[in-house]
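For reference, the structure discussed in these notes is given below.
The values are calculated or read from the model by the stated rules, or taken from the named source; none is laboratory data. These figures come from a predicted structure and were not determined experimentally. Heads up, the Cβs are rebuilt from the backbone with ideal geometry, glycines too, and the neighbour counts pull from every protein chain shown.
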Amino acid sequence: MNVTDALMSRISTRAFLDRPVPEALVRTLLETARYAPSGGNLQPWHVYVLTGTRLAAFLERIEARRATGGFGDGTEYDIYPAELKPPYKQRRSKCAEDMYATIGVPREDKAGRFAHFARNFRFFDAPVALFFAIDRQMGLGQWADLGMFIQSFMLVAREHGLHSCAQEAWALWHKTIADFVEMPPELKLFCGMALGYGDPAAAINGLRTERAKLEEFATLQGFE
């Protein structure tokens, strides 16, 4: 699979097969993604990976805390700006409406939408979970580097037949996650990620979000 095919076939997968991912393969993905670019070669990313009984224990902890009425620890950063302006607000709304349409959950079904959102906190039943963190000393440039590392990881995953879903929703549980994986206090959680083999029969995995036309975001100058 070439880079273009990997990029075009990468989606936010929200239904996975009950098929384990070998440790050696996860190691290969991480070993390859570490060649992502970073300013000054700082390589500011930190990754925690859970699977098997360790992942099951983590999910049990989340379920227990949710059962007592908790819905996270609050976030340390704004996942989205408080007041999204056009066209970003419309794009986000369209993405949500298209996603819920694939599973037949209308806007007025608040309980249904909440139930689906809560599936984030089971990694959509993926067999492997990852958490990505960055040193609190780092600035905007290094956060961009972390993003490039995550993107590189997801593209390499596609090369090996895997699918993924990057999940900023896990920022809501940053304290619980840090405690469970024994993350040092100088690190800040950015997001989680579900990793595994996507279920091709799941309707939600048929979603392909729209992309803006080139003219909407690019300005080309000086070409003859």
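Couple of notes before you dig in:
- Odd one out for Y35 among (1) touching a residue at least 12 places away in the same chain (Cβ under 8 Å); (2) closer than 30 Å to I103 by Cα; (3) exposed (fewer than 13 other Cβ atoms within 10 Å of the Cβ): (2)
- In region 179-215, of all residues being in a helix (DSSP H, G or I) and without any contact (Cβ under 8 Å) to a residue 24 or more places away in the chain, the one that is nearest to I62 (Cα to Cα) corresponds to D179.
- Which listed residue is modelled with pLDDT of 95 or more, of a type in the set (S, T, N, Q) and loosely packed, with under 15 Cβ neighbours inside 10 Å, from Q167, Q137, Q142: Q137
- Test: residue in region 51-68 that is out of contact with any Lys or Arg (no Cβ under 9 Å at 6 or more places or on another chain), exposed (fewer than 13 other Cβ atoms within 10 Å of the Cβ) and assigned to a loop (DSSP other than H, G, I, E, B): yes
- Check on L42, of a type outside the set (K, R) and under 21 Å from N205 (Cβ atoms): no
- Restricting the first member to region 83-107 and to residues that are surrounded by 13 or more Cβ atoms within 10 Å (Cβ to Cβ), and the second to residues that are part of a loop (DSSP other than H, G, I, E, B) and not aliphatic (A, V, I, L, M), the beta-carbon pairs closer than 6 Å and six or more apart or on different chains are C95/T209.
- The set of residues in region 50-72 being among the charged types (D, E, K, R) and within 17 Å of R119 (Cα to Cα) consists of E60, R61, E63, R65, R66.
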